[in-house]
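Structure, as structure tokens:
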Amino acid sequence: MSTLNQLEITPAPAPAYQDEEDIDVIKPDVANIRSEFTFEDSKRLLRKADWRLLPLLIAIYLCKNMDGNLVSYVKTMNAGEPTNILNSLNITANQFAYASTCFSVTYIVFEVPSNLIIKWSTPRLHFFRILVVWSVVCACTAACTNLAGFLTARAFLGMAEAGLLPGIYWQLTCWYRPDEIALRMASLSVLGQFSGILDSLLTYGLSYIDGRGMASWRWAYIICGLIGIVESIWLFFYFPDFPDSPPSRRQFLTPEEGAFLVARLPPNAARSSDKNFDWPAIRRELKSPLLWGFSFFALCMNSSLYGLSFWLPTIISSFGLTKGPKSQLLNIPSAVVSIISSLSLSWWLDHDTRIPRPLFMLSGATALIGTFLGMIFCKSSGGLYALILLAQAFAALMTCALLPLRSQSLRGATSAAFIMAFQNAWGQVPGLYTAQFFQTKYAPRYAVSYSVSIVFIVGLMSASLFIWYFQYDVEKQTREIARLRREEGKKNIVVEEDIKI
């Protein structure tokens, strides 16, 4: 432990409980709680938490992606037919691009307010509210008959979804340490990427029942909305709030197990004992250079990727590799590559303690620039499709370290909720304009589109260096603590100290 003593460390604070009446029910000896559990016990409890928490979060995120990304897939359903969404609404492809803009405006406006009440409302009710409202809005989209109605539905969907993704990030920091988040966040994200596969299969199948009762794209929105309603019922009865929540809300941990999971978190992690709202914490974060560095990173990251993601089914269809409903199936390999890459890289990230996290981001950005350059000059449809697949892998490398790196410098519940929402709101700003990058006038090569994306990737690399400069010591110490925890874990010992932020 000699190396550990060289770090600036402090014991994690003992957990407290939200309700005074719960103190009589739950009275673990929090002062010595860490000494009562071995390293193997901690691994067992984390697996227990994984099986309860992650399936629910994955289902929420999967449903969110299905609803949000469905707009990209319905555009190519029954193309050229009177029942195609463009013909049904009597709009052009360029007008359709404003669907992304309208969604992003309301998402950005409501993102921070929505996430700031997560502690007050409890995570369970926070996610339940979001899931029910957006499912209803999604199903109601099927009733749209013109551009105004469709864009209004997209705006309401953005408002309903606000607070979901930063809420998920926040929830993970309440249960896991920074060096344990990457693989779990990747599992959530990449399994959420199955939405691309599910949307492809859904729109492929529904293309064959087009016109039976209604247009196939309307069926797609109704089905996605119904899926969300079913998930909301599951979430309402089984979603856990905090590790040390009262038994009626926790259901799967003993009081001692819950107290231990809280006690092993870094001192700066969000806890059930934190204030529901803390204005000084928000003012402090607004003065932090890291807030603006990570926000600019999110802005540049999504500016370089959102347009491609929004138009991906259309771009792949334009390659002419296949025609008709089967073109939807060509969207599946890109989702598979994203899933495999994200899981593999995040496993590496959680188990490696040598490579600084910003290097992952810089390496992925450099490789993505090379890929986009290849897409500008490549003239082969097969080659372009291969580069599309490579872009998914390099995008995963560029983004997999973002949340683990950010979670190292959070400071309490309000700080974490505000930071996650503020940064994600900045990340949604590109939705206002990136869909316009890939307008039909730039097809089929999209050289201008990819060139603009490269400019934003360069900005992202600058943000990575800025973040690394201000978080160098904390990032290095976090890796050192993780290394020591694993070394002591081989002796079945739990490391009791932690870094001070």
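The values are calculated or read from the model by the stated rules, or taken from the named source; none is laboratory data. As the structure is a prediction and not an experimental result, all values here were calculated from the model. Cβ: placed from backbone, ideal geometry, glycine included. Neighbour counts: every protein chain shown. In case anyone asks, the SASA skips ligands and DNA or RNA and just uses the protein heavy atoms, side chains included. Shrake-Rupley method; radii C 1.70, N 1.55, O 1.52, S 1.80 Å.
Structure values in brief
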read-out: Residue tally, condition buried (at least 17 other Cβ atoms within 10 Å of the Cβ) and not small (Gly, Ala, Ser), over segment 87-116; value: 16
read-out: Residue list for segment 369-413, filter: assigned to a loop (DSSP other than H, G, I, E, B) and more than 25 Å from residue 185 (Cβ to Cβ); value: 378, 379, 380
read-out: Hits in segment 415-437 - residues which are crowded, with 24+ Cβ neighbours inside 10 Å and over 17 Å from the mean Cα position of the chain (by Cα); value: 434, 435, 437
read-out: Residue count, segment 203-221 (criterion: within 14 Å of residue 87 (Cα to Cα) and assigned to a helix (DSSP H, G or I)); value: 3
read-out: Answer residue from segment 438-451, given it is of a type in the set (Gly, Ala, Ser) and modelled with pLDDT of 80 or more and is most open to solvent (accessible area, probe 1.4 Å) among those; value: 451
read-out: Meets criteria (buried (at least 20 other Cβ atoms within 10 Å of the Cβ), in a loop (DSSP other than H, G, I, E, B) and not small (Gly, Ala, Ser)) for residue 260; value: no
read-out: Those residues of segment 348-368 which are open to solvent by 40 Å² or more (accessible area, probe 1.4 Å) and not in a helix (DSSP H, G or I), in sequence order; value: 354, 355
read-out: Test for residue 189: is it open to solvent by less than 10 Å² (accessible area, probe 1.4 Å), polar (S, T, N, Q) and within 28 Å of residue 134 (Cα to Cα); value: no
read-out: Pick from segment 49-80, criterion charged (D, E, K, R) and out of contact with any Asp or Glu (no Cβ under 9 Å at 6 or more places or on another chain), ranking: nearest to residue 131 (Cα to Cα); value: 52
read-out: Residue match in segment 110-127 (condition: within 27 Å of residue 334 (Cα to Cα) and either modelled with pLDDT under 85 or hydrophobic (A, V, I, L, M, F, W, C) (or both)); value: no
read-out: Filter pass, residue 277 being open to solvent by 40 Å² or more (accessible area, probe 1.4 Å) and not in a helix (DSSP H, G or I); value: yes
read-out: Matching residues in segment 170-185 - criterion: being at pLDDT below 80 and open to solvent by 10 Å² or more (accessible area, probe 1.4 Å); value: 178, 179, 183, 185
read-out: Number of the exception - residue 199 against (1) under 16 Å from the mean Cα position of the chain (by Cα); (2) over 27 Å from residue 407 (Cβ atoms); value: (1)
read-out: Per-region count, segment 453-469, residues under 24 Å from the mean Cα position of the chain (by Cα) and open to solvent by 30 Å² or more (accessible area, probe 1.4 Å); value: 8
